[in-house]
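The values are calculated or read from the model by the stated rules, or taken from the named source; none is laboratory data. All of these numbers come straight from a predicted model, not from anything done at the bench. Methodologically, a virtual Cβ is constructed for each residue, glycine included, from the backbone with ideal geometry; neighbour enumeration extends over all protein chains shown.
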């Protein structure tokens, strides 16, 4: 199978973590895609230009990190990341949605910072900055939830991948005033699958 990624994508990182947790490294070839370039050959492979993008051995292609993670998790018939039944399952979905919400906002923020300075929207940058502050405060109050501290699950992976964008956006500063969230992130970050997939630093900031 072929998995197309960009090294700085938190969504691609989610899939890479699942690949490591499921010990699928020998079955998935990871390929760096060139995105956001008008002449990129990647667009002939995936017209949307998004990552991650998985091409299965049967030729069927799959887009969207949650879909790819679920499919890979079920590949051996022994899923690690299925949600519990009943009310516990809804609670797990609720937390995963909140983690996705924060990660989505942080991804929008970093995408804006990657643009040339003259093309950036100060309004959007400030909006995402304030969203980050609010969401970090929310997670500080919720991070001791049992679902965020039990066996590894997709809510944990999603939140960790979002917070990990701090290496690329120096303006995030989500750790300030959030010691419980910081301790949780650092503890989870020692897990081999997360340590191995840590995002490369790029040091974008509104001042550059």
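If you check 166, 126, 140 for being more than 16 Å from residue 99 (Cβ to Cβ), in a helix (DSSP H, G or I) and assigned by TED's automatic domain parsing to the domain that holds residue 102, only one passes: 126. Among the residues in the range 39-52, are any assigned by TED's automatic domain parsing to the domain that holds residue 163, part of a helix (DSSP H, G or I) and without any contact (Cβ under 8 Å) to a residue 12 or more places away in the chain? The answer is no; no qualifying residue exists. Of the set (1) in contact with a strand residue (DSSP E or B) (Cβ under 7 Å, 6 or more places away or on another chain); (2) surrounded by fewer than 16 Cβ atoms within 10 Å (Cβ to Cβ), all apply to residue 183 but (1). The set of residues in the range 175-208 that are under 16 Å from the mean Cα position of the chain (by Cα) and not in a helix (DSSP H, G or I) comprises 191, 197, 198, 199, 200, 201. Number of residues in the range 69-90 that are part of a helix (DSSP H, G or I), on the phi < 0 side of the Ramachandran plot and exposed (fewer than 14 other Cβ atoms within 10 Å of the Cβ) equals 4. For the range 96-118, the set of residues classified as closer than 15 Å to residue 202 by Cα and either assigned to a helix (DSSP H, G or I) or touching a helix residue (DSSP H, G or I) at 6+ places or on another chain (Cβ under 9 Å) (or both) consists of 106, 107, 109, 110, 111, 112, 113, 114, listed by residue number. Filtered by the rule that a residue be farther than 11 Å from residue 69 by Cβ and within 12 Å of the chain's Cα centre (by Cα), the range 14-56 gives a lone residue, 51.
Of the numbered criteria (1) touching a residue at least 24 places away in the same chain (Cβ under 8 Å); (2) farther than 23 Å from residue 126 by Cβ; (3) in the same structural domain as residue 132 (by TED's automatic domain parsing), the one residue 201 fails is (3).
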